[in-house]
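K.L.:
Please see the structure below; I have some questions.
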Amino acid sequence: MSSAELTPPEAAHWAARTGLRLPADRHAAVAATANHIHSVVAVLRELDFGDTPPAPAYRADQEMHDAAV
């Protein structure tokens, strides 16, 4: 997706393309919500997770044990 914000007509277009019926009075709200989600995801993409292990490597039971010691 480009960095340009989604417009209400584009939101209607993409909804129709996926087979969703989007009433005209919802186009602006859907576009605003999609733009907000995109802005949050953009911030997450900028984070450096360098040495962070993948989620399956996380062991909550081990962390609780280490905190108790």
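The values are calculated or read from the model by the stated rules, or taken from the named source; none is laboratory data. Keep in mind it's a predicted model, so treat the numbers as computed, not measured. Neighbour counts are summed over all protein chains in view; Cβ atoms, including those assigned to glycine, are modelled from backbone coordinates with ideal geometry. For the accessible areas, the whole protein counts, side chains as well, though only heavy atoms, and no ligand, DNA or RNA atoms are used. Shrake-Rupley method; radii C 1.70, N 1.55, O 1.52, S 1.80 Å.
K.L.:
Using the Cα centre of the chain as the reference point, and only Cβ charges (+1 on K/R, -1 on D/E), how large is the resulting charge dipole? Debye, rounded to the nearest 20.
P.N.:
520
K.L.:
Each residue of region 4-21 in order: what ³J(HN,Hα) in whole Hz does its phi give by Karplus 6.51 cos²θ - 1.76 cosθ + 1.60, θ = phi - 60°, with x for Gly and Pro?
P.N.:
3J(HN,Hα) across region 4-21, in whole Hz: 5, 6, 6, 8, x, x, 5, 4, 5, 4, 5, 5, 5, 5, 8, x, 8, 8.
K.L.:
In sequence order, what are the phi-derived ³J(HN,Hα) couplings for region 37-46 according to the Karplus relation 6.51 cos²θ - 1.76 cosθ + 1.60 with θ = phi - 60°, rounded to whole Hz, with x for glycine and proline?
P.N.:
Couplings: 4, 4, 5, 5, 5, 4, 5, 4, 5, 7 Hz.
K.L.:
Equivalent-ellipsoid semi-axes (√(5λ), Cα gyration tensor) for the chain, whole Å, largest first?
P.N.:
Equivalent ellipsoid semi-axes, largest first: 40, 15, 11 Å.
K.L.:
Here's another thing I want to ask about it. Hey, can you grab everything whose amide H is under 5 Å from the amide H of Leu22? Only 5+ residues off in sequence or another chain; H modelled, so Pro and N-termini drop out.
P.N.:
Those qualifying (amide H under 5 Å, at least 5 residues apart or on another chain) number zero.
K.L.:
In addition: Given the options Arg17, Arg59, Arg45, state which has the largest fluctuation in a GNM of the chain using a 10 Å cut-off (strictly under) for Cα springs.
P.N.:
Maximum fluctuation in the GNM of the chain, among the listed residues, is at Arg59.
K.L.:
With every protein chain present, what is the per residue accessible area of the chain (1.4 Å probe, Å²)?
P.N.:
Counting only protein heavy atoms, the per-residue value for the chain is 88 Å².
K.L.:
With unit charges on the beta carbons (Lys and Arg positive, Asp and Glu negative) and the dipole taken about the Cα centre of the chain, which residue among Pro53, His36, Ala24 sits farthest to the positive side?
P.N.:
Going by the charge dipole, the pick is Ala24.
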